[in-house]
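The values are calculated or read from the model by the stated rules, or taken from the named source; none is laboratory data. Treat the numbers as computed from the prediction; the structure is a model and nothing was measured. Backbone-built Cβ (ideal geometry, glycine too); neighbour counts: all protein chains shown. The protein model used for the area step is the full one, side chains on, heavy atoms only, and it has no ligands, DNA or RNA in it. Shrake-Rupley method; radii C 1.70, N 1.55, O 1.52, S 1.80 Å.
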Amino acid sequence: MREQSSTADLKVAAIASRQHGVVTREQLAECGIDKSALTRRLRAGRLHRLHPSVYAVGHRSLSWRGRWLAAVLAAGDGAVLSHTSAAALWEFLRPIQGPIHVTVAAAVRRKSRPGLQLHRSRTLAPSQVTTRHGIAVTIPAHTIEDIRTAVEPRLFRRALRQAELGGHRVPHLSATRRTRSDLELLFLALCDDHGLPRPLVNHRVHGHLVDFYWPRHSLAVETDSWTYHRGLGSDGGRPRA
């Protein structure tokens, strides 16, 4: 009996290692863990309930990816990470505390619950869904559209900027004002306030992309820091080496 239990736990551990530390009730059953065995593991602290039918293995200190995947699994088949949660997975924004956003088909009758915000869509097509780090998620263009009115303008501009740095094709990049940061917006306002002529924005000069350029005066101005031009690292804060 003990040998069977050990074998089951090894199987669970293998699944959890591929899924950022989380497993579903169905996967536990496939490993040979029935209801009574599940209860024993919960009492012993070897499993921790995150959502109905979704559990953390060993501890609750999950990474953001573990929390995101747990939410998607809890929402059921066809669910995908979306909105600001998807933007964080794509590294367009830093993770935001609060409910994790997941989109499901309009016909799904599940309700939002603590820690999980469900969005229903009649139009989300398979072509608008992909997988990143093993987590089903809306593609960059759809993610940007989802957060367009859901976050502050400055955060939306930041997300656009990071999408551009990542080389993603996002329609809003060509539709929005071609200023690359909040600092550049302030610089344009400064020009207006002091009666300075409007420069060209994000213009190429001798093969180099500059923030502002006055052709008449052969003057170029850069307002962004070296941190911006190198992009944010995977931790969302430090520039890449």
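Taking only protein heavy atoms and a 1.4 Å probe, what accessible area per residue, in Å², does the stretch 1-136 have with all protein chains in place? Before the final figure, lay out each step's value.
On the way: 7600 Å² over 136 residues.
Ligands and nucleic acids excluded, the figure is 56 Å² per residue.
Derived value for the stretch 74-114: Kirkwood hydrodynamic radius 11.0 Å. Basis is the mean of 1/r over every pair of different alpha-carbon atoms. Amide H to amide H, with H built 1.01 Å from N, Leu47 comes under 5 Å of Leu42, Gly58, counting only residues 5 or more places away or on other chains.
Rounded to whole Å, the principal axis extents of the Cα atoms in the stretch 1-44 read 27, 19, 19, largest first. Using a probe radius of 1.4 angstrom, the carbon and sulfur fraction of the accessible surface of the stretch 118-161 is 48%.
I need the shape label for the stretch 122-166. Rule: rounded when a/c is under 1.5, else prolate if a/b > b/c, else oblate, with a, b, c from the alpha carbon gyration tensor.
Oblate, because a/c is 1.5 or more while a/b does not exceed b/c.
Quick one: among Leu89, Leu50, Leu185, which has the greatest mean-square fluctuation in a GNM of the chain with alpha-carbon springs under 10 angstrom? Maximum among the listed residues: Leu185.
What the Cβ-Cβ distance of Ala105 and Arg154 gives, at R0 = 25 Å and to the nearest 0.05, is a FRET efficiency of 0.15.
Taking every DSSP helix (H) stretch of at least 4 residues in the chain, weighting each as -39,500 (n - 2.57) and dividing the sum by the residue count yields a mean residue ellipticity at 222 nm of -11000 deg cm²/dmol.
In a reduced charge model with +1 at each Lys and Arg Cβ and -1 at each Asp and Glu Cβ, the chain shows a dipole moment near 820 debye about its Cα centre. When the chain is treated as a Gaussian network with alpha carbon springs shorter than 10 Å, the biggest mean-square fluctuation among Arg122, Arg148, Arg67 belongs to Arg122. Using only alpha carbons, the chain has a radius of gyration to Kirkwood radius ratio (Rg to Rh) of 1.12.
With a Förster radius of 51 Å applied to the beta-carbon distance between Arg120 and Leu209, the computed FRET efficiency rounds to 0.80. The phi-based Karplus calculation (6.51 cos²θ - 1.76 cosθ + 1.60; θ = phi - 60°) puts the 3J(HN,Hα) values of the stretch 32-38 at x, 9, 8, 4, 5, 5, 5 Hz, whole numbers, x for Gly and Pro.
Largest GNM mean-square fluctuation across Ile96, Ile15, Ile139, computed for the chain with C-alpha springs under 10 Å, falls on Ile96.
Annotation for the stretch 150-171 versus the stretch 64-92: alpha-carbon center distance of 18 Å. With θ set to phi - 60° and the Karplus curve 6.51 cos²θ - 1.76 cosθ + 1.60, what are the ³J(HN,Hα) couplings of the stretch 152-157 in order, to the nearest whole Hz, using x for Gly and Pro? Computed from phi, the couplings for the stretch 152-157 are 4, x, 5, 6, 5, 5 Hz.
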